[in-house]
Structure formats: structure tokens, C-alpha cells
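Peer 1: What follows is a structure written as C-alpha cells; I'll ask about it next.
The values are calculated or read from the model by the stated rules, or taken from the named source; none is laboratory data. What you see is a predicted model; the values in this text were computed from it and never measured. Every residue, glycine as well, gets a Cβ built from its backbone with ideal geometry; the counts of neighbours run over all protein chains shown. Heads up: the accessible areas ignore ligands, DNA and RNA and are worked out on the full protein's heavy atoms, side chains in. Shrake-Rupley method; radii C 1.70, N 1.55, O 1.52, S 1.80 Å.
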Number of protein chains: 4
Amino acid sequence: MIVNMLAGATDEQINHIVERIKECGFQAHLIRGEERTVIGVVGNSNQRRSELEALSSAPGVEEIVKISHPFKLAARSVRPEGTIIELGKGVAIGGNDVVVAAGPCAVESAAQISDIAARVAEAGAKLLRGGAFKPRSSPYSFQGLGEEGLKLMRQAADKNGLLVVSEVMDPSQVTLMVPYVDVLQVGARNMQNYHLLRALGEIKKPVLLKRGMSATIEELLLSAEYIMSGGNYNIILCERGIRTFETYLRNTLDIAAIPVIKSLSHLPMFADPSHGTGRRDKVAPMARAAVAAGADGLIIEVHSDPERALSDGVQSLYPDQFALLMKEIRAIAPAVGRRIA
Amino acid sequence: MIVNMLAGATDEQINHIVERIKECGFQAHLIRGEERTVIGVVGNSNQRRSELEALSSAPGVEEIVKISHPFKLAARSVRPEGTIIELGKGVAIGGNDVVVAAGPCAVESAAQISDIAARVAEAGAKLLRGGAFKPRSSPYSFQGLGEEGLKLMRQAADKNGLLVVSEVMDPSQVTLMVPYVDVLQVGARNMQNYHLLRALGEIKKPVLLKRGMSATIEELLLSAEYIMSGGNYNIILCERGIRTFETYLRNTLDIAAIPVIKSLSHLPMFADPSHGTGRRDKVAPMARAAVAAGADGLIIEVHSDPERALSDGVQSLYPDQFALLMKEIRAIAPAVGRRIA
Amino acid sequence: MIVNMLAGATDEQINHIVERIKECGFQAHLIRGEERTVIGVVGNSNQRRSELEALSSAPGVEEIVKISHPFKLAARSVRPEGTIIELGKGVAIGGNDVVVAAGPCAVESAAQISDIAARVAEAGAKLLRGGAFKPRSSPYSFQGLGEEGLKLMRQAADKNGLLVVSEVMDPSQVTLMVPYVDVLQVGARNMQNYHLLRALGEIKKPVLLKRGMSATIEELLLSAEYIMSGGNYNIILCERGIRTFETYLRNTLDIAAIPVIKSLSHLPMFADPSHGTGRRDKVAPMARAAVAAGADGLIIEVHSDPERALSDGVQSLYPDQFALLMKEIRAIAPAVGRRIA
Amino acid sequence: MIVNMLAGATDEQINHIVERIKECGFQAHLIRGEERTVIGVVGNSNQRRSELEALSSAPGVEEIVKISHPFKLAARSVRPEGTIIELGKGVAIGGNDVVVAAGPCAVESAAQISDIAARVAEAGAKLLRGGAFKPRSSPYSFQGLGEEGLKLMRQAADKNGLLVVSEVMDPSQVTLMVPYVDVLQVGARNMQNYHLLRALGEIKKPVLLKRGMSATIEELLLSAEYIMSGGNYNIILCERGIRTFETYLRNTLDIAAIPVIKSLSHLPMFADPSHGTGRRDKVAPMARAAVAAGADGLIIEVHSDPERALSDGVQSLYPDQFALLMKEIRAIAPAVGRRIA
């Protein structure tokens, strides 16, 4: 932490800051420049760090600059070789293989999920995605089939050699979902639902944690840290588009977040080009871009009849389009030293 | 809803859209321009509206433009005269009075909360704010005193003739909190926590709903709609800063959201200049701006010893600064036809 | 400047940075923390500063944090009492008076500008605004009357005791415009047109410099610095709305930029609630908010027949609305220790 | 254009809008829904379109929705097969080949530019980039070598079989630059400098037009339209990063803009991963992503001694890194049906 004093700060103001730094259990290093004084803070006392931060409004202080990242367990330095998460059935996330999850936005019926599961498995997906509990911004939209949806998805996945990933929305759903799914997904709107994050820290089931629409990269890693600090280290991060002034597409898929997070953290990193674009015809180019930028996997919406889908039909690929996309990314993966099994 | 066809859309493509509109129970009105065809959709069938939306990726379609707002109960037209929420002790939100809530970010001790309560009451605050459960982006920060904090806050408020507003973070806390507080606050990070919103729809206690950091005005109103659709109409909205590229302050307080929401909705609208700026010396100017723009109330952080506050000290006013601010806004309120009691 | 080394940086990497700092003519101060090393850079050698910045991608470096502001002449410390710009006819910007400029977006005809000038002068405006050269995002829109427009505006202003402010778009227009106007306005799209800024540095005529739609506060001050470094210190800054994800209004008027800039710089600060909102019915609340937040003046679009205006009719006030707004802000100004003459 | 009336709009208000639409030379089509009335506007009268837009603040109007794009000449429908720009020396932009421009941010000396030109040519670049006139946000930074820089760049390019692209900042530089360069670049800050755009419309030299930091995709196409409406159709567009709340990297490279613009327009589309990231180690992943998403070319900063570069050293690749990147994108191009010669 660096305290940057104002150009005209008085000695009294500087001394007050130095004293407060010591009171909080840290050491203070003064650097007196020609124009202003800067105070380096050294030490490691998490509990009183927030008191130090309050000094940024103290008289004579211009700003406080944080130097170390607030996440520790998620930092790349903890596991420089990177985390590989074994999901079973020979599927590992974060290793050499780029892994693809595909399926409908929401499970709608046995026929629907079973048909789609067969098609995506054939094209090379390793996980079946599908929502049983749906977070909908309108209270008047379809809210999902609940446990029945989970059952249907598990059956469809098992029949086709797939694993299951599905969204958990509330701590109360965790116990119910664990037997049905292989990966619990946390949606963008829940990235900072700390009760949910804590509940997921107490289990061992892998978690796919999506970046919030306006979350910084650091905040995403801090949410991962919440889960990890509870004891669950099996976290897969996922870029799914951020909110910017550009509104031609639903979101701006921040492809650069992939290499940035791969540098900052040892956790595997997915991309979701379906929510990241919100338009069917833009999913494939962005999926290719994500693989080229180093993503460890993709999560993609596929529906056999998108025009009649109960949600997100607008961004769901037809099964044939998905198969074509798999072919394209199979050709791209080797260029970045990866493969799609 | 308007379907905007591409300039070169074929008759077959146009006919397909018209048929799908009818299948979903709506009527289609064609407007053929010189350059392109536009299809107006008329009708009212909420359930199949999402199927219509899926048409925006259909061949020949450029985009679908939504015409009506997705919120109904929150719309100004439902109650053109505006909602007034009576909190008791003669305090009403949304009427002629601009109402101020003030207090520390977090309840820390009996002495702390009781001292601050006395000071803010004396200056003219009507509600005591303070967190017992704290949503902290780091798992290593102070997480609040829990029920003990609520008790201390209730006592301090009662002794000083104040009402209590405090943040609820999870459906499981609702029952616990109701006896202690007069208003339940939903924080920015929980604005789209639908389980929490639904739980709040089932009680009658007024709710102060804060806008998410990247939530549009429409999404904020849709979250209010979630609560209202459960039967609780006592919603106070609150602007608390959005996330933009400008990072000199912690957030960009969207003052314009105040008059915009007052036009779109009948619900009262607060502003939170403390979180909206994140710096003590910017709280007063933004509080004044909010009142000048028509806010129904303010929620402001005040602490007797901000440098030693366990959270948000950087943006907390000293009690004297708060008293001065109350004087300033007392002078501004009449210019917009309001008063501060 | 602070060089923040990675947690695992080697001694060799640290030494390399220290040597480069010295080579560039600065001193290096090492602070070795428990987790990482931080290097403070002290000295004042503008020319080689960019070489230092290039070190932020050097091996072992996490980031470089700039401590001092890149603007010097515009900094508050240069003139702590604030700059007052005397425009003549008893009008001073940056003093006790809040000064209002008003008029149409574009000068359209003698009758139009003369009618509007009379109305805004009567209501209390001190400057007449109006465009003779129009920056239009479409090549197919009305581009302005040119010099003829300037003449008409000058006549209308003189007849009503007003000063004139009008936009300059290119260095080639400066000489032409100077005789007709009292303040040259630089539009948001030209805030970083360095050729134009340099041309304005060579004259003495006051400049109203608008913040670019995506310019940070620091960049606005740096553009002012461009003009000032040429010798023209008569700069009035102006907040006119930034671009954010919120699109209900055309822009997000960053009211907080007003108190922030008043702290950072000695230059006067205006607000433009017309472009900042893009909707007639939101101009008045935001104008009031700007005055309450401490603005030194306002620039507002007024048109006698907005529905037939050749540009920006949607955000122009009717003269009666403008007169009412003047009354409101006359009541607010004293609450912040100002007045409207 | 669609006029969306408020739910409670009166017949009088609706009639007023209909009459104004007719007065402006358009036809009005009423669609009366259960909740509100919508008016479709049909016709083609560019000059009075701005009058129609002013109706969006008229009584009873909720909003006006624009249906057709404001750009015409740049629209994909004008040339569905796409534009191919022949630059000479067998280099064509927009065809099957992905074309790479590379070189230093600024030309610094004969030795520097000649060394870099040899290295990038060897690795497969077709154009040499380099600035002779530099737009610098600080007046105290290096401003470029001017015409001398252009001469040095031309010599270095000719010796290595390269073409030249360099930035033009002001209309006054166009005539000077044309003999030295093959492509004139318009920087992000000048994307809406209409005087410059108009000057470029009057020549035939190809223009590389960079997207402004906060420009929408539509605004970028409208700036291209400005140049094209003057008669110069040889426009190459370029995504170079937009400004968002995410500040870990200097900008957010909007990769999705590539496929979006390829759908909306027939113009070729480049990406600039150097400015788009601002960090050397993120340039390669984003360059790969751009090619995978369908970019027609890349423009990349390369410097033999980035730590001593006079500008942008932080984001310049070493020549060896550039050669490796060329190898990677050579492997990716075929996956999207392209090649790198």
C-alpha cells in the first residue's frame, strides 16, 4: 500500500499518517520527492487494513494506492503450473484439452433435452448444460422445471456419456442439486452473492463461476477466493460479457480477460460466447476467438428449435451450426498448443 | 413490439415472421417503407413473448424493438399521484418532506451507535442506518455483528426518536430482521438476487432497493416489480452510483436517474451520495445535487471517528459535517417545492 | 512514480529496473515488503518519463503506478484562490456569480436568433450561445450558416447586452471567429484535437473546453494544459455528459466531475445539461443539480420553436421553461454561497 | 422511424404528431395496441428528418425509435461481395489474405526504422507502420519527427518491399503525406474530426480509420460515410479498443466488433491489439483472437528496443515475438478460410 500525499501536505499531516500506519501494526517508509511525499506501507495485518484505507480521505492525502492483490489462494503464484480439475469420465479442465459444454438455456422436456444431448455429444461436447432454476429479470418469464429438470438432464447426459453443469441460484438449492450435477454453475448476477459463495465453499463439487456483468477481473478472482477460503478449490472461472456503452450486441465479450486471468490466477478459464453476444450468428466467431486467446473451455447454448425455445432462443445455435463450430475450433486449438478430443 | 426486417428481406422471410406472430397469439401490422418492411406486433400474451423475442435471430430480421416497458405495477401510470410510504413516528417517504437516513456503515459497538444516533437525530435525520450483516467483497474483511448489531441499533434509534434501516443479504435473515428494523435495505449486489426479492414480496415491511452497479434504470424497476408482484408495494428505490470508465471516484452517481425514475414510476426515489462517491469531501456536493434534482430522500454514512471505522471510513462524514450538510439541503429543498422537517 | 514488482521478481529483475531508473536521470528507493518489492522513483525529468513507463512490461514488473498528475499549469496549487475570467460587460466567470449562457443549438436566421436572444437576456442569461459551424455525426445533416451565422449572433447579442459563445471546429476558423465571439467553444469531439488546442493556445480569447464523451477528468485537464502551455490561461471547463451503459438518456451527466475538478484545478467549471441529457424535460433538474454541486455556470439550449429547430430541438427548452429554470437556480445559488445576478 | 406514444397519450397529442409527420413530407401509419399507440413513419426526406427527431420530446411521446441505419454508402447491401482494396505490390485488403502491418509507434531515427522494417518484412508483414506526427495526450511528450520521419519510413519500406501506413492528424498534413505513404491512418481521437474526414474524402489514397475509444459501431460507420460521401471509397476500418470500467488493460479490445461490422458493412476490418491492450504480453493472444474472429488484417507495434522507445514501448513486441506471432496466426487463418501469404 502506498499513501500518496498532496503536493502541499504539511509535516503535521504527514506525521499523522505515519503514526496511524504504525498504530495499525505496519511500517512506514517515507519517500520525499521534489513535488510531494509518498509513504510506502509494509506489513501484513489483514484485520486493520480497512482502517488504513480510511486514511485516503484524511487531510493532506491525495489517494491510497493498493499494491498487492486482495486475492491470495487464487493467485497464480500459489500454483504456477495451473490447476487441473478432474471431472470424471476422462474429462479434465485446465489441462491440454479445450473442453466444451453445450445444451439448451433451460430444460423444457424429456424429448427436448434428450434430443439435444445426443446432438451435442456427437459433435464433441463433453458436458451438457441446461438450466433447471432460471434467473429471469422479469417475474413474468418462465422460471424453470426445478428438480424434474435436473433428473431429465442427468438421464440425457448419462445416455450420451456427458457430464452435467447447471446453475445454482440459492444456498437452499445446493444439497438438492449435488447428486444430479457434476459442476455447479454460479450465474453472473450471483457472482457477489456471498451467502451462496460461502455455501459452495463447504462442498467439494466443482463450481463454474461466471463473471458479473460489471465485475472487474479482480472482483471475479475475489469471488473465487470466497469459495476457496471455505475449502473448495475446484473453481472454473468464466467470462460471459461485460456491460459497456456499445449496445449492438447484448454484452461485450471481454476476450482479453482470458489471457489476463491466465496470468493472474492458476484457475481454469472458460468463455460463454452465447450470453457474451446474445445473437446466434455472432456465437461462432467469438467462440473461435476465445479458443485462439487461450480459453480452457467454452459453454455454448444449443437448441433444436430455437424459435420455440422458452428462453434465450435468440442466441442458441442449431445443432448443425454447433457441429460446424466444433470443426473450426478443432482446427484452431493446435495453433495455441491445445487440442479438442 | 416492432420487428425491423433487413433491407433485403424476402417475402418468404416476412411471411414466416407474420405467421409466427399469429401462432404466438398476437396480431401483425405490416408497414412497407421504401427501404424496408417493419412489422408492428399488437396483443398481450406474456407467456409467449419470449418466443417472439427469439425471432430477432431469424433470417431476414435486423432486430426486434421493444415498445412497452416490461414493468407494470411499478409504472407511474398505475398511481400517477405517486406513492407515499408511511413509516410511523410521523415519517412519510415520497410526500412533501425530503427524508434523511444517516449513520455508520456498520454497527461496531453500543457506544459507537448510540453516540452517532444522537448526533444525526439532533441534526435532523429521521432514520438511523447501519449494517449488522455486511456484504464485503473480500472474505478477509469485517463481516458485521449480526443480531447483536440489530439490537444495539434498535436501542440507539428508539432513544433518539429515529427509525431503523438495515441491509438484508439473504432470505434466511428476513424473519430475524423484521422485528428490529423499519425498512429492509437490499444492497446493490443483491438487486437481482431473485430469491431474496421474492422473500421480500411476501412481507409488508418497506424495502429500500438499491440500484446495482451496472443495472439499467429499467432493470431496477423490474427488480421492484419482482417484489411488488409478490404483494409488497412499499418499495423505496435508491440510486447509489454506477460503474463507468471514470475512476477518480469509486462510482459515478447517476443524478439523472432521479428525475427519470420519478417520471417512469410512482415509487419514491432516494440517493446515496456516500457509496456514490466513496470520498468524504464529495458527499455534500452530491447530496445537494440529489435534492436539487428531486430526490425524496438521502442515505448518508456518518461516523464519529471515521479513521478508525471498521468499514467505509473513507466516505463517512464527521457529525459536524453532516449537520452542516443538513443546513445546506434545508435551504435547497424549498427551491424544488419540498422541505426538510 | 512507483514500480510495483511481481511477488516472485528476482534480484536480477529488480536490479535491472533500478539501473534503468538511474539511466533515465531519476533516483530509486527500494521498499522490500514481506510479499513483494516496490520501487519509488523520485526526480523530475519530463523527457525520459516515457522510457520509464515502458518498464511496465519489463520482466518482473507487475505495474507502474503514476503518483503525480500529468497536468501542471491547470493544477489548483498553481492558483489556490481560483481563476476568475473577466469577459467584459461586467461578466466574470469563476467568481461569486453563477453565469448562464443560453440560446439555440444552431443559428438559423436573423429572426430566430434575435427573438431567442431577447428572451434569454430577459430571463437573466449573460451569454448567447449558438453554432455557426456544426459538428454533425452524419454528413447528411444541416452543417450551419458559417460566417453569416456569426454576424447574426453578434448583432442579436449586442442588441440585448449579451456576450457570445460559439464553437470552433478547426484551426482554420480561429482568425475568422475571433472578431465575432467573446468565448470560443471546443466541442466534446474535439477535446483531443491537438492542432486545434495549439491554435487556441496562441490567442488570448477565452476558451470553453468541453469534456469528451469518454474522456477522464485527468484527460480533460490535460487538454486544458495543452492550451495553457501555449500561453492562453483563460480556460473554462465544461461537463457535458459521458458515455456509459445507461442509455435511457443520451449521456450520463457526471455531476460529481464538478466538485472533483474544482478540487483538482483552479479553472472555472460549467455544466451543459442540454447535451448531458438530450431530453427537454430533464434539463431543468440537472441544471439545478449542477448549481447545487458548485458549478460556476451553465450552458443551455433554448429555442422558440423546438419542434422546427434544425438541430437538437429535442433538448431545447421553450423560453418560458428557461425563465422558470432561472428562477429555480436563483433560489438554489445562495444555499451554496453563490448568486445569479 | 417509429414514434412510440406514451400509454396515456391523448388523441390530440397523437393527431399533432401525425400532422407534423405529414408536414415534414412523410407518411404516418397508426398501430393502436391495447396499451398504447405506435406510429410508423415512412418516406425518404433526409433534410427534414432532424425535425422529426425533435418530436421525441413532444407531449405524449415516450420515445422515437430509428429503424434504418444512418449510413448508406458503407452498408453491406451496397456491395454484398465485400470491398477489396488493392494497395499495389500485390497486396490486397479485404480479399482472401489476412494482411499485417507492423512497426514502431514512432519513427525515431534512420537506424531504428530500417532495422525494424527488415525484421517485420522477414516475418511476413506487408506494411510498415510508424508515426511521424504523434497525437500525445500530454503537451510535454515527444511529438514526432514530421516530414523527416516520413522520408525515413518510405526508404526503409522500399528497401524491404513493404508498403507504408502512417497517421494524419490535420487536413493541413494531407498533401504533404500523400507522396510518402500508401495508406493514411486516422487515429481514434480524430474519428469524428469532420474537417479531416472531409479532406480525406477528396483524395483517392486508402484510409485506415480507427474506431474512437467511445464510439459505437454505428458512429464508426458514419465516419466512414463522411469520407465516402466525398468520393473516396477506399476505407479500411480498425477496432483498437474501447473504454470500459475494466481498467486492468488500457482498453477493452471489442473483438465482437469484427464480425458485427463484417455483417453491417462491405468495408475491410482490421484490429490493433497493441493499442487494444497496452501490454506487450497480451498482444499475441488478442491478435490470434482477432484473426479467429474474421479480421482482414492486423496492425501491430514492434520495436527492437522497447525499453528505450520514445513512445508506447510498453506495448511493442520484440521482433522475435512478432515472428512467433506470425507463425501462430498463419496456423489459425486456414481455420477461418483465410491465409497469410
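Peer 1: What percent do you get for the relative contact order of the stretch B:288-341 when only Cα pairs under 8 Å and 6+ apart count? Mind dumping the intermediate values first?
Peer 2: On the way: 45 pairs, mean separation 19.5, N = 54.
So the answer I get is 36 percent.
Peer 1: Run the 1.4 Å probe and let me know the accessible area of B:ARG240, rounded to the nearest 10 Å².
Peer 2: Answer for B:ARG240: close to 20 Å² accessible.
Peer 1: I want the antiparallel fraction of DSSP beta bridges within chain C, as a percent rounded to 5.
Peer 2: Roughly 40 percent of the DSSP beta bridges within chain C come out antiparallel.
Peer 1: Let me know the mean shielding of D:66-75 by other chains, meaning the per-residue number of their Cβ atoms within 10 Å of its Cβ.
Peer 2: The per-residue average across the peptide is 4.
Peer 1: Okay, moving on. Of all the C-alpha pairs in chain A, what % are more than 28 Å from each other?
Peer 2: 46
Peer 1: Report the label-to-label distance for C:ARG79 and A:THR175 in nanometres (one decimal), using points 7 Å from each Cα along the Cα→Cβ vector.
Peer 2: Reported label-point gap for C:ARG79 and A:THR175 is 7.0 nm.
Peer 1: While we're here: In whole Å, what are the Cα extents of the stretch D:113-187 along the three principal axes, biggest one first?
Peer 2: 36, 26, 20
Peer 1: Something else now. Give me the inter-chain shielding for A:310-318: mean count of other chain Cβ atoms within 10 Å, whole number please.
Peer 2: Partner-chain Cβ atoms within 10 Å, mean over residues of A:310-318: 4.
Peer 1: I need the shape label for the stretch B:64-143. Rule: rounded when a/c is under 1.5, else prolate if a/b > b/c, else oblate, with a, b, c from the alpha carbon gyration tensor.
Peer 2: oblate
Peer 1: I've got another one for you. So if we plug the beta-carbon distance of D:LEU324 and A:ASN96 into 1/(1 + (r/R0)^6) with R0 = 30 Å, what FRET efficiency do we get, rounded to 0.05?
Peer 2: 0.90
Peer 1: Let me ask something additional. Alpha carbon centre of the stretch A:107-174 versus the stretch D:34-105: separation in Å?
Peer 2: First find each Cα centre; the distance between them is then 40 Å.
Peer 1: For the protein assembly as shown, what is the charge dipole size about the Cα centre, in debye to the nearest 20, if Lys and Arg each add +1 at the Cβ and Asp and Glu each add -1 at the Cβ?
Peer 2: Roughly 0 debye for the protein assembly as shown.
Peer 1: For an R0 of 60 angstrom, estimate the FRET efficiency from the Cβ-Cβ distance between A:ARG198 and C:LYS89 and round to the nearest 0.05.
Peer 2: The calculated FRET efficiency here is 0.35.
Peer 1: Separate question: Springs between alpha-carbon pairs under 10 angstrom, Gaussian network model over chain C: which of C:THR247, C:THR83, C:THR175 fluctuates most?
Peer 2: Highest fluctuation of the listed residues: C:THR247.
Peer 1: Whole percent per 10 Å bin, from 0 to the bin with the longest distance: what is P(r) over all C-alpha pairs of the stretch C:78-208?
Peer 2: Per 10 Å bin, starting at zero, the Cα-Cα P(r) for the stretch C:78-208 comes out as 13, 42, 35, 10, 1 percent.
Peer 1: Per residue of the stretch B:258-263, in order, report the coupling 6.51 cos²θ - 1.76 cosθ + 1.60 (Karplus, θ = phi - 60°) as ³J(HN,Hα) in whole Hz, putting x for Gly and Pro.
Peer 2: The phi angles translate into 5, x, 5, 5, 4, 7 Hz.
Peer 1: Just need the Rg to Rh number for the stretch A:1-49, please, alpha carbons only, Kirkwood Rh.
Peer 2: Here Rg/Rh amounts to 0.98.
Peer 1: List the equivalent ellipsoid semi-axes of the stretch B:202-341 in whole Å, largest first, each obtained as the square root of 5λ for an eigenvalue λ of the Cα gyration tensor.
Peer 2: Gyration-tensor ellipsoid for the stretch B:202-341: 25, 18, 15 Å.
Peer 1: When the Cα atoms of the stretch B:143-193 are enclosed in a convex hull and the volume is divided per residue, what value in Å³ results?
Peer 2: Taking the convex hull of the Cα positions in the stretch B:143-193, it is 79 Å³ per residue.
Peer 1: Moving on to the next point. Ordered shortest first, which distances in nm separate the 7 Å Cα→C-beta label point of B:LYS159 from those of the other copies?
Peer 2: 6.8, 7.0, 8.4
Peer 1: Taking each label point as 7 Å beyond Cα in the direction of the beta carbon, state the distances from B:ALA7 to the same residue in the other copies, shortest first, in nm.
Peer 2: Label point to label point, same position, other copies: 3.8, 5.3, 5.5 nm.
Peer 1: I've got another one for you. From the Cα gyration tensor of the stretch B:161-270, with a ≥ b ≥ c the square roots of its eigenvalues, which class applies: rounded if a/c is under 1.5, or else prolate if a/b is larger than b/c, or else oblate?
Peer 2: prolate
Peer 1: Quick one: which residues, 5 or more positions from D:ASP305 or on another chain, have an amide H under 5 Å from its amide H? H modelled 1.01 Å from N in the peptide plane, none for Pro or chain starts.
Peer 2: none
Peer 1: For the protein assembly as shown, take N as its residue count and report Rg(C-alpha) divided by 2.2 N^0.38 Å. Intermediate results must be reported in sequence, preceding the final value.
Peer 2: On the way: Rg = 30.3 Å, N = 1364, 2.2 N^0.38 = 34.2 Å.
Normalised by 2.2 N^0.38 Å, the Cα Rg of the protein assembly as shown equals 0.89.
Peer 1: Around C:PHE26, what is the net charge, scoring Lys/Arg as +1 and Asp/Glu as -1 over all other residues with Cβ under 11 Å from its Cβ?
Peer 2: With Lys, Arg at +1 and Asp, Glu at -1, the neighbours total +1.
Peer 1: Total Å² of accessible surface buried at the D-C contact, 1.4 Å probe, nearest 100? Intermediate results must be reported in sequence, preceding the final value.
Peer 2: Working: alone 15370 and 15340 Å², together 26170 Å².
Summed over both sides, the interface buries about 4500 Å².
Peer 1: Between the stretch C:288-340 and the stretch D:294-329, how far is it from one alpha carbon centroid to the other, in angstrom?
Peer 2: If you average the Cα positions of each part, the centres end up 51 Å apart.
Peer 1: Something else about it: Quote the charge dipole size of the stretch B:192-274 about the Cα centre in Debye, to the nearest 20; the model charges only the Cβ of Lys and Arg (+1) and of Asp and Glu (-1).
Peer 2: I would put it at about 240 debye.
Peer 1: Ranked from the most accessible area to the least, with a 1.4 Å probe and all protein chains present, what is the order of C:LYS66, B:LYS72?
Peer 2: I get C:LYS66, B:LYS72, largest accessible area first.
Peer 1: Please compute the contact order of chain D in relative form: average sequence separation of alpha-carbon pairs under 8 Å and at least six residues apart, divided by the residue count, as a percent.
Peer 2: Numbers: 733 pairs, mean separation 54.9, N = 341.
Answer for chain D is 16 percent.
Peer 1: Still on this structure, I have one more. How long are the three semi-axes of the equivalent ellipsoid for the stretch D:1-113, computed from the Cα gyration tensor as the root of 5 times each eigenvalue, in whole Å, largest first?
Peer 2: 50, 17, 13
Peer 1: Moving on to the next point. Compute the angle between helix B:110-123 and the longest alpha-carbon principal axis of chain B, please, reported from 0 to 90 degrees and rounded to the nearest 10.
Peer 2: 80
Peer 1: Something else about it: Suppose we compare each residue of the stretch A:1-22 in its chain alone and in the full protein complex with a 1.4 Å probe; which ones drop by at least 30 Å² of accessible area?
Peer 2: With the partner chains in place, the stretch A:1-22 has these residues losing at least 30 Å²: A:ILE2, A:ARG20.
Peer 1: What is the distance, in nm, between label points placed 7 Å from the Cα along the Cα-to-Cβ direction at D:LYS159 and at D:ARG339?
Peer 2: Between D:LYS159 and D:ARG339, the simple spin-label model gives 3.1 nm.
Peer 1: Okay, next question. Using a ≥ b ≥ c from the Cα gyration tensor of the stretch C:264-341 (square roots of the eigenvalues), is it rounded, prolate or oblate, where a/c under 1.5 gives rounded and otherwise the larger of a/b and b/c decides, a/b for prolate? Please report the intermediate quantities before stating the final value.
Peer 2: On the way: a/c = 2.55, a/b = 1.66, b/c = 1.54.
Prolate shape, in that a/c is at least 1.5 and a/b is the bigger ratio.
Peer 1: On to the next question. For the stretch C:159-224, place one equal point scatterer on every Cα, skip the solvent, and apply the Debye formula. What is log10 of I(q)/I(0) at q = 0.14, 0.15, 0.22, 0.28 Å⁻¹?
Peer 2: Cα-only, vacuum Debye calculation for the stretch C:159-224: -0.40, -0.45, -0.88, -1.27.
Peer 1: In whole percent, and with a 1.4 Å probe on the protein chains, what portion of the accessible area of the stretch C:79-126 is carbon and sulfur?
Peer 2: Values: 880 of 1780 Å².
The value for the stretch C:79-126 is 50 percent carbon and sulfur by accessible area.
Peer 1: Residues of the stretch D:158-186 with amide nitrogen under 16 Å from the 7 Å Cα-to-Cβ point of D:GLU122?
Peer 2: The answer is D:159-162.
Peer 1: Under a Cβ-Cβ cut-off of 13 Å, what is the net charge of the residues other than C:LEU152 that fall near it, where Lys and Arg count +1 and Asp and Glu count -1?
Peer 2: Net charge in that neighbourhood comes out at -2.
Peer 1: Using only atoms on other chains, find how many Cβ atoms lie within 10 Å of each Cβ of peptide C:233-246 and report the average.
Peer 2: Values: counts 0, 0, 0, 0, 0, 0, 0, 0, 1, 7, 11, 14, 18, 15.
That average works out to 5.
Peer 1: Over 22 Å between C-alpha atoms is what I'm after, so list which of B:LYS134/B:LYS262; A:LYS66/C:LYS262; A:LYS126/A:LYS151; D:LYS282/D:LYS327; D:LYS89/D:LYS205 land there.
Peer 2: Beyond 22 Å between Cα atoms: B:LYS134/B:LYS262; A:LYS66/C:LYS262.
Peer 1: Under the definition of Cα pairs under 8 Å and six or more residues apart, what whole-number percent is the relative contact order of the stretch B:23-113? Numbers along the way, then the final one.
Peer 2: Numbers: 61 pairs, mean separation 11.6, N = 91.
Worked out over the stretch B:23-113, it gives 13 percent.
Peer 1: Looking at chain B, identify the longest residue range that excludes and avoids all GluC sites (Glu not before Pro) in DSSP loops having at most 13 other Cβ atoms within 10 Å.
Peer 2: By the stated rule (loop sites, at most 13 other Cβ atoms within 10 Å), B:203-341.
Peer 1: Put a point 7 Å out from Cα along the line to Cβ at D:GLU148; what are the distances to that point in the other copies, in nm, shortest first?
Peer 2: 4.8, 7.4, 8.1
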